[in-house]
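The values are calculated or read from the model by the stated rules, or taken from the named source; none is laboratory data. What you see is a predicted model; the values in this text were computed from it and never measured. We place every Cβ from the backbone using ideal geometry, glycine too, and count neighbours over all the protein chains shown.
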Amino acid sequence: MSSVSSDSHSVISGEIERVREQMVKLGDQFGLMHPEVQKCSQHLDVLLLRFYEMKQRVKEAAALEERR
């Protein structure tokens, strides 16, 4: 994994954890069906998709390198 990928991975991992913690806190406070909790959940979904896409690109790039 390149330095840029590693840095991006760390940043998005931290953001995922921060949003997850916020969602749990809001869920405890307002209940899981509250609009703010739902908004947080959707944001978390976007971050997770971005994380998995990034992970897949790194994996594909590594596979290409191996073939060379």
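Among residues of the stretch 39-68 that are polar (S, T, N, Q), those with a beta-carbon under 7 Å from a residue that is part of a helix (DSSP H, G or I) at least six positions away or on a different chain give the pairs Ser41/Met23. Whenever a residue of the stretch 1-18 is more than 10 Å from Val58 (Cα to Cα) and modelled with pLDDT of 85 or more, its partners that are of a type outside the set (Lys, Arg) and in a helix (DSSP H, G or I), lying with C-beta atoms within less than 6 angstrom and at least six residues away or across chains, give the pairs Ile12/Phe51; Glu15/Leu47; Ile16/Leu47.
Residue check: is Val58 surrounded by 13 or more Cβ atoms within 10 Å (Cβ to Cβ), in contact with a His (Cβ under 7 Å, 6 or more places away or on another chain) and of a type outside the set (D, E, K, R)? It is false that Val58 is surrounded by 13 or more Cβ atoms within 10 Å (Cβ to Cβ), in contact with a His (Cβ under 7 Å, 6 or more places away or on another chain) and of a type outside the set (D, E, K, R). Scanning the stretch 18-31 for residues that are closer than 19 Å to Val46 by Cβ and either surrounded by fewer than 12 Cβ atoms within 10 Å (Cβ to Cβ) or in contact with a strand residue (DSSP E or B) (Cβ under 7 Å, 6 or more places away or on another chain) (or both) returns a single hit, Glu21.
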